[in-house]
1. For the range 129-181: of the residues being open to solvent by 40 Å² or more (accessible area, probe 1.4 Å) and among the aliphatic types (A, V, I, L, M), which is farthest from GLU355 (Cα to Cα)?
2. With respect to LYS379, determine if the residue is more than 19 Å from the chain's Cα centre (by Cα), open to solvent by 10 Å² or more (accessible area, probe 1.4 Å) and of a type outside the set (Val, Ile, Thr).
3. Has the range 214-227 got any residue that is out of contact with any strand residue (DSSP E or B) (no Cβ under 9 Å at 6 or more places or on another chain), more than 26 Å from SER394 (Cα to Cα) and open to solvent by less than 10 Å² (accessible area, probe 1.4 Å)?
4. May I ask you to list the residues in the range 77-96 that are open to solvent by less than 30 Å² (accessible area, probe 1.4 Å) and of a type in the set (S, T, N, Q)?
5. Test PHE141 against the stated conditions and say whether it is touching a Lys or Arg at 6+ places or on another chain (Cβ under 8 Å), in contact (Cβ under 8 Å) with a residue 40 or more places away in the chain, within 19 Å of TYR411 (Cα to Cα) and in a helix (DSSP H, G or I).
6. Mind telling me which of the residues ILE320, ILE329 ends up being under 16 Å from VAL358 (Cα atoms), open to solvent by 40 Å² or more (accessible area, probe 1.4 Å) and in contact with a Pro (Cβ under 9 Å, 6 or more places away or on another chain)?
7. Within the range 368-415, which residues are over 30 Å from GLN70 (Cβ atoms), among the polar types (S, T, N, Q) and modelled with pLDDT under 95?
8. Quick check: anything in the range 355-365 under 25 Å from LYS66 (Cα atoms) and at pLDDT 95 or above?
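The values are calculated or read from the model by the stated rules, or taken from the named source; none is laboratory data. Remember, it's a predicted structure, so these values are computed and weren't measured experimentally. Here the Cβ positions follow ideal geometry from the backbone for every residue, glycine too, while neighbour counts run over all protein chains shown. The accessibility values were calculated without ligands, DNA or RNA, using every heavy atom of the protein model including side chains. Shrake-Rupley method; radii C 1.70, N 1.55, O 1.52, S 1.80 Å.
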Amino acid sequence: MEAIFKRFQLCVISFLIFLTIFTQTCSSTAFDDTEYEDWESNIHIPNSILTYGSEMEEAEWQMVQKKGNQFVVNDQPFYVNGFNTYWLMVFAADESTRGRVTQVFKHASSVGMTVCRTWAFNDGQWRALQKSPSLYDEVVFKALDFVVSEAKKYRIRLILSLVNNWEAYGGKAQYVKWGNAAGLNLTSDDDFFSHPTLRGYYKDHVKTVLNRVNTLTNITYKEDPTIFAWELMNEPRCTSDSLGDTLQEWIKEMAFYVKSIDPKHLLEIGLEGFYGPSTPQRFQFNPNSYAQQVGTDFIRNHQVLGVDFASAHIYPDSWISQSVADSHIPFVKSWMEAHIDDAEKYLGMPVVFGEFGVSAKDPGYNSTYRDTLINTVYKTILNSTKKGGSGAGSLLWQFFPDGTDYMDDGYAIVLSKAPSTSSMISLQSTRLALFNSLCSERCHWGCKKKKVLQNVLYEDEE
């Protein structure tokens with residue numbers, strides 16, 4: 001009876017938010033998807049309502065699941081507005097920098113972000129989690145425990161990536177080094193995908209992380225709803241096999257293995273999203289001709305049993321030209337729309353744009369261009385959302401707190417230094433949160449309000 005009462009209260013809260021938005025929108029300028037300035041003057045949601053809603057949901061902190069091409073939590077839609085901060089575990093390992101982890105989550109939560117993607121690996125490097133195969137630094141593992149525990153305090157879920165394609169934080173190159181140190185005769189970093197010993201090393205790491213019991217919460221990682229999903233690898237590529245068979249077999253084996261240990265959590269691959277040999281008709285959407293030769297294949301890879309949602313990244317300044325150009329924006333839109341369409345038509349799953357951004361170090365960069373790029377990504381997600389499409393969310397690369405400028409690779413977003421960007425993030429979070437709360441199977445009137453909701457949240461487009 002208590003559970004039913006709480007659900008009823010949550011529906012009432014959602015309806016109050018809806019009335020607040022609807023009333024204020026009707027009496028002021030309608031949302032314009034091309035302009036995010038001064039949005040706070042158009043919309044104000046009482047803090048008491050939002051806070052009470054969070055308290056109500058506290059008892060319902062459940063696993064994110066997938067229904068068709070949509071994420072759900074307790075049968076409510078869960079569209080994602082999130083971010084990347086890869087270094088959280090390493091910072092948490094040192095008392096002098098641990099507070100930065102809390103700052104990241106606090107600042108992200110203040111603009112409504114709900115998902116963070118970060119590394120659950122550091123192989124053979126400074127402050128390594130895995131010093132050598134199956135040998136772990138407990139101090140660093142406790143730091144990862146802290147990251148998971150702290151994320152939950154701020155109601156942020158985590159996508160945890162399990163290894164890197166690149167050399168930063170060790171990556172597949174470190175696994176090859178370990179293999180050679182054990183007497184193997186390995187000549188390519190891509191041996192990571194094919195050699196049985198290295199595949200065994202990776203599986204051991206997966207098993208260790210998924211079965212980890214958090215020393216702060218006493219919850220096993222594979223049972224923790226704070227973890228949104230596991231990611232097999234950050235941006236896997238296997239350039240030694242451009243046909244993609246090597247990577248495909250690795251994905252099959254590892255997806256099955258992860259699910260054999262943890263069937264409850266969602267799983268994704270971590271791909272950049274390039275179209276490969278199985279779909280030459282989609283090459284036109286790739287950013288360059290090299291993209292189809294790196295051994296990945298967006299549609300084929302995501303058809304593997306056990307993979308729950310698709311991933312793609314967005315970096316026109318790395319893939320097309322480093323100099324900022326107006327032509328980058330139409331590419332972003334067409335790239336996203338192609339992947340959303342394919343996720344709907346061929347994969348039947350959500351797609352998350354797991355990294356996107358632009359570097360302040362690029363020739364011709366300015367903050368207005370960055371806001372235009374972010375606006376384009378957000379708007380494309382919203383256009384999919386209002387149609388019930390597969391565009392499930394996006395994750396900014398990357399989110400930094402104050403005082404970490406020395407870590408900036410050019411892509412860092414510090415809210416205090418970027419008020420216009422902060423407002424855009426907040427508005428996107430507000431829109432998606434409203435959709436998540438109003439379009440609920442639990443609140444039966446949700447579907448009946450669909451047309452009104454669209455008019456409130458989105459500007460009609462041809």
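1. Residue satisfying both the conditions and the ranking: ALA181.
2. Numbers: more than 19 Å from the chain's Cα centre (by Cα): no; open to solvent by 10 Å² or more (accessible area, probe 1.4 Å): yes; of a type outside the set (Val, Ile, Thr): yes.
It is false that LYS379 is more than 19 Å from the chain's Cα centre (by Cα), open to solvent by 10 Å² or more (accessible area, probe 1.4 Å) and of a type outside the set (Val, Ile, Thr).
3. No, there is no match, as no residue in the range 214-227 is out of contact with any strand residue (DSSP E or B) (no Cβ under 9 Å at 6 or more places or on another chain), more than 26 Å from SER394 (Cα to Cα) and open to solvent by less than 10 Å² (accessible area, probe 1.4 Å).
4. ASN81, ASN84, THR85 - these are the residues of the range 77-96 that are open to solvent by less than 30 Å² (accessible area, probe 1.4 Å) and of a type in the set (S, T, N, Q).
5. Working: touching a Lys or Arg at 6+ places or on another chain (Cβ under 8 Å): yes; in contact (Cβ under 8 Å) with a residue 40 or more places away in the chain: yes; within 19 Å of TYR411 (Cα to Cα): no; in a helix (DSSP H, G or I): yes.
Answer is no for this residue.
6. Working: ILE329 fails: open to solvent by 40 Å² or more (accessible area, probe 1.4 Å).
On inspection, the qualifying residue turns out to be ILE320.
7. Kept after step one, since they are over 30 Å from GLN70 (Cβ atoms), are these residues of the range 368-415: 368-369, 400-410, 412, 414.
Now restrict to residues that are among the polar types (S, T, N, Q): 368, 404.
Of everything in the range 368-415, just one residue is over 30 Å from GLN70 (Cβ atoms), among the polar types (S, T, N, Q) and modelled with pLDDT under 95, namely THR404.
8. To start, the set of residues in the range 355-365 that are under 25 Å from LYS66 (Cα atoms) comprises 355-356.
Now narrow it down to the ones that are at pLDDT 95 or above: 355-356.
So far as the range 355-365 goes, yes, one or more of its residues are under 25 Å from LYS66 (Cα atoms) and at pLDDT 95 or above.
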